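The values are calculated or read from the model by the stated rules, or taken from the named source; none is laboratory data. Bear in mind the structure is a predicted one, so any value in this text is a computation, not a measurement. Methodologically, a virtual Cβ is constructed for each residue, glycine included, from the backbone with ideal geometry; neighbour enumeration extends over all protein chains shown.
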Amino acid sequence: MKAIILRRKKIKFGQILLILLLGALVCFTGLPLVAMVCRALMSTEELYIYPPRIICHNPTMQNFSDLLTSLNASVVPFTRYVFNSIFTTVVTVVLSILVCSLGAYGLTKHKPAGADAIFAVVLAALMFSTHVTQIPNYLVVNKLGLVNSYLALIIPKIAVAYNFFLVKQFCEQLPDSILEAARIDGCSELGIFWKIAMPLLKPAWSTLAVFSFVNNWNDYFSPLIFIRSDALKTLPLALQTLAGGAGVVARAGTVGAATLITTLPAIIVFAIFRGKVMETMTYSGIKS
Amino acid sequence: MKGRKLHMTINRRRGIEAFIFLFPWLIGICLFFIYPIFVSVRLSFSEITKFKGFIMEWVGLSNYNYIFLYDTKFVPTFLQVMADTLLNTPISLVFSLLIAILINRPMKARGFFRTVFFIPVLLGSGYVMKQLLGMGADTTSITQGIMVPEQMLDLLGPTFSPIVQSVLDRITIVFWKSGVQIVLFLAGLQGISSSLYEAAKVDGATQWEMFWKITLPLISPVILLNFVYTMVSFFTDSNNALVDYIVTQIFTNQQFEYGAAMSWVYFIFSFTICMVVIAILRKRTYNMGDRA
């Protein structure tokens, strides 16, 4: 009896140690995040105190109001950047999910001639880093007459190899019998895709939604190339303009606030789809 | 006969349907991946004679010659990036495997820990990340500011403190890049049947022995996958010094042809390294046969 109690105590002690250890590691990864939030809340004087502080002692909302008012006074209001980012990202994500799911479903469940070749292209595309094709991409966009428009930020990022790959891994697990049953019941092919395949693929595309959102949201490279006018810039690019240029020292707090605002949406989207993402990562990891 | 004919038409119908399904995606991938790849190869062997209309002239290997014979910055940066990647990847793997094993144990707040370690992934490698890692010209480095108090650095003296700083800097970057790897390892760990551990325990194996004899061999395929994933993500990271150099050459200095040539050299080398690593590690991974 005593031995059992002792044993249980030992386990509990181990648990506490484990949680403490993990807690320390969380601090390690989490501190930059905390620092980011604090920087956004610090006043300019506090930002330049020596030695530098991580945790802010008297938080103010001054930076946020600065961000809204001072930038409102310039040609393009800050809210416009927020709108640009949200609009282009959401449209890209939705279209990308639709196009990639359609394609991946067609490839796995209808098996056209040359399916293997198409899949080989997808795998090759996964290995390529985007900067290799950046210049020709610009040429294509230029030829299509899309430079300096929202479409330039949306269209090149719809057919993405990674998204296709992820959905395809999941399509393979769809049982043919369900699709066959629907076909016998007289459902059209598009109807089968929309009413049966898509709901079953929900874990796959909700993960895609998160990854695609994060990537597109944080991408400052393509707006940098494709966008010329200030009114069409997205948040990350606007942030870069804000952080560079004249008067940086005075604006450090504002930059902090802008950084925080730029980071938040990705975290919110993740919070919404959290469970599904973890599930999908687990599956696709084993299969690939 | 009739049956066979019907079968064929169904097959053909399927093919056409598949094509319709794939159509939008195929257009996209042709326009923004396959065509650009060809143009980029062509570009790297040419010189642009006229920017208007983008007229190119074939110059053979001269762009490539320039990289290795004249450019004083490419080769050192390249070597440094390679060294960094080869150093960071194992650190990242050991760290993420450790974390994965820890959060795979039954305990309180497991979901919380799993989420927290994944959050850095969300910040991506974009400009925000750059800001956070203090690589922006004007921000005080957060990684440096936080980890070591000034007094401690003073104690260490001028020879050791830069070393400590750079090690800590590297660790923070690695920690921040391990989110996906942790999840993949978790998946691998959960795929190991618990009966193996029970059997080992009955036979009197210690935790330590079980790790080396059961866990490690069984997750070796995941280690391979993670190794490649980590290397590719370090290679293609936009905070990477070489990528930064290429991008500057292309978009600031307008050296399109030269940039294309550099990208291809970089890509071919990093691809080869990945392949070599795969070839080496694949021999050592334990194959479960029927499990896979």
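Data table
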read-out	value
Residue in segment A:153-172 that is more than 21 Å from residue A:124 (Cα to Cα), surrounded by fewer than 18 Cβ atoms within 10 Å (Cβ to Cβ) and within 14 Å of another protein chain (Cβ to nearest Cβ) present	no
Subset of segment B:19-58 that is in contact with a Ser or Thr (Cβ under 6 Å, 6 or more places away or on another chain) and more than 7 Å from chain A (Cβ to nearest Cβ) - its residue that is farthest from residue A:151 (Cα to Cα)	B:58
Those helices (runs of 4 or more DSSP H) lying entirely in segment B:167-249 with at least 1 residues touching a residue at least 24 places away in the same chain (Cβ under 8 Å) and closer than 25 Å to residue B:276 by Cα	B:179-190, B:220-236, B:241-247
Of residues in segment B:83-118 being at pLDDT 80 or above and of a type outside the set (A, V, I, L, M, F, W, C), the one surrounded by the fewest Cβ atoms within 10 Å (Cβ to Cβ)	B:90
Residue check for residue B:64: modelled with pLDDT of 85 or more, in contact with a helix residue (DSSP H, G or I) (Cβ under 7 Å, 6 or more places away or on another chain) and under 23 Å from residue B:269 (Cβ atoms)	yes
